[in-house]
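Asker: Below: one structure in structure tokens.
Readers should treat all values here as calculations from the given coordinates under stated rules, not as data from a laboratory. In this text, all values refer to a predicted model and were calculated from it rather than measured experimentally. A quick note on method: Cβ atoms are made from the backbone with ideal geometry, for glycine too, and the neighbour counts reach across all protein chains shown.
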Amino acid sequence: MQKYQVNQTLKKHGLDRNKYNLIANYVYLQSEINIKGVSKAPRDYMASIKVQISNSQLTLSGIAHESALYSNLLSNCIQESIIEMDIENNEDFLEKRRLLMAEKLKGYYFGL
């Protein structure tokens, strides 16, 4: 596993460093997934994942079922709407992801 940051793609599309170099833009991925997905917009990458699921050819990830995809998004504090997002939706994505991350941390803290 390696830390993947979407900075490369966002930088390539001209987003200001202060808009993409944020904790909510980080996720851990296998390096081969990082390489295959780094230059795609979220909706394009997610469309590729859905094709992989329907064809049962695991070339981008180990996710083989749509239910596993949505479970993975939830566990990583990523809203389902990412499936339709483009690079221009990054600020909205970050705002919602920060809230989801905060809720997850709050739930963990109060569960101690």
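Asker: How large is ³J(HN,Hα) for each residue in region 86-103, as worked out from phi by the Karplus curve 6.51 cos²θ - 1.76 cosθ + 1.60 (θ = phi - 60°), to whole Hz, x for Gly and Pro?
Answerer: Whole-Hz 3J(HN,Hα) from phi for region 86-103: 10, 4, 5, 8, 4, 5, 4, 4, 5, 4, 5, 5, 4, 5, 5, 5, 5, 5.
Asker: How would Arg43, Arg97 line up from fewest to most surrounding beta-carbon atoms within 10 angstrom? Intermediate values should be presented prior to the final figure.
Answerer: Numbers: Arg43 16, Arg97 20.
Ascending number of Cβ neighbours within 10 Å: Arg43, Arg97.
Asker: If I model a spin label at Leu94 and Arg43 as a point 7 Å from the Cα along the Cα→Cβ vector, what separation in nanometres do I get?
Answerer: It is 2.1 nm.
Asker: When a footprinting reagent is the concern and you count Cβ atoms within 10 Å, what order do Tyr45, Tyr108 take, fewest first?
Answerer: Working: Tyr45 21, Tyr108 9.
Listing Tyr45, Tyr108 from fewest to most nearby Cβ atoms yields Tyr108, Tyr45.
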